[in-house]
1. Full-extension gain between Arg35 and Asn54, please, as 0.36 nm times their residue separation minus the C-alpha to C-alpha distance.
2. Put +1 on the Cβ of every Lys and Arg and -1 on every Asp and Glu Cβ in the range 2-119; which of Trp59, Cys76, Gly19 then has its Cα farthest towards the positive end of the dipole?
3. Give me the base-10 log of I(q)/I(0) for the range 2-119 at each q in 0.14, 0.18 Å⁻¹, Debye formula, one uniform scatterer per Cα, rounded to two decimals.
4. Expressed in nm to one decimal, what extension gain is obtained for the pair Asp73 and Asp97 from 0.36 nm per residue of sequence separation less their Cα-Cα distance?
5. Can you work out the Karplus-derived ³J(HN,Hα) for every residue in the range 45-56? Use 6.51 cos²θ - 1.76 cosθ + 1.60 with θ = phi - 60°, whole Hz, and x for glycine or proline.
6. Normalised radius of gyration for the range 1-48, please: alpha carbon Rg relative to 2.2 N^0.38 Å, two decimal places.
7. Can you compute the FRET efficiency between Leu2 and Ile45 using 1/(1 + (r/R0)^6), with r the Cβ-Cβ distance and R0 = 25 Å? Round to the nearest 0.05.
8. What's the exposure ranking of Val8, Val38, going from fewest to most Cβ atoms within 10 Å?
Amino acid sequence: ALDAVARVPGNAPIVTGSGLRFLEIAENARPEIARRLVYLDTPDIPSPDPTNRNQVLRWAAIDPRVRVAPARDFTCAHPALWLFAQPGPGGADTLPDWFARRFDMPDPPARRATVRPVRMPYCRGQYR
């Protein structure tokens with residue numbers, strides 16, 4: 001996870017739906033990368049890892065530096081972003097499924113963390 005996000009250029013947000021990887025990156029990445037990191041919550045998709053999701057939400061309630069947002073609201077406000085995805089047992093992530101339900105987006109490669117640019121279309125409530 002740290003190697004994948006370390007190479008992300010620019011200033012656009014880096015988003016993930018993996019609570020485990022969010023915690024890992026937020027605590028261990030270079031400060032300029034950690035500041036761009038946002039956990040996008042997808043409450044309409046049950047988390048396969050509720051413990052780490054809940055831990056991120058609790059942490060955000062006590063530390064204003066921890067950025068957490070509802071996926072729909074955040075993607076409407078930030079049309080260009082980087083999606084960090086961690087498939088399978090390496091850090092369960094609902095965000096790729098959330099994006100796939102709304103856009104034609106390929107699944108991340110199996111067993112490998114990836115970071116890909118995402119450009120959102122104009123948002124007019126179609127992400128519900």
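Where a number appears in this text, it was derived from the coordinates with a stated rule and is not lab data. Predicted, not measured: the structure shown is a model, and the values here were computed from it. Neighbour counts are summed over all protein chains in view; Cβ atoms, including those assigned to glycine, are modelled from backbone coordinates with ideal geometry.
1. Working: separation 19, 0.36 × 19 = 6.84 nm, distance 2.05 nm.
Residue separation times 0.36 nm, minus the Cα-Cα distance, leaves 4.8 nm.
2. So the residue furthest toward the plus end is Cys76.
3. So the normalised log intensities are -0.50, -0.88.
4. Numbers: separation 24, 0.36 × 24 = 8.64 nm, distance 1.66 nm.
Here the segment from Asp73 to Asp97 would lengthen by 7.0 nm.
5. 10, x, 6, x, 9, x, 4, 6, 4, 5, 5, 4
6. Details: Rg = 11.1 Å, N = 48, 2.2 N^0.38 = 9.6 Å.
So the range 1-48 has a normalised radius of gyration of 1.16.
7. Values: r = 26 Å, r/R0 = 1.02.
Calculated value: 0.45.
8. Ranked by crowding around the Cβ, least crowded first: Val8, Val38.
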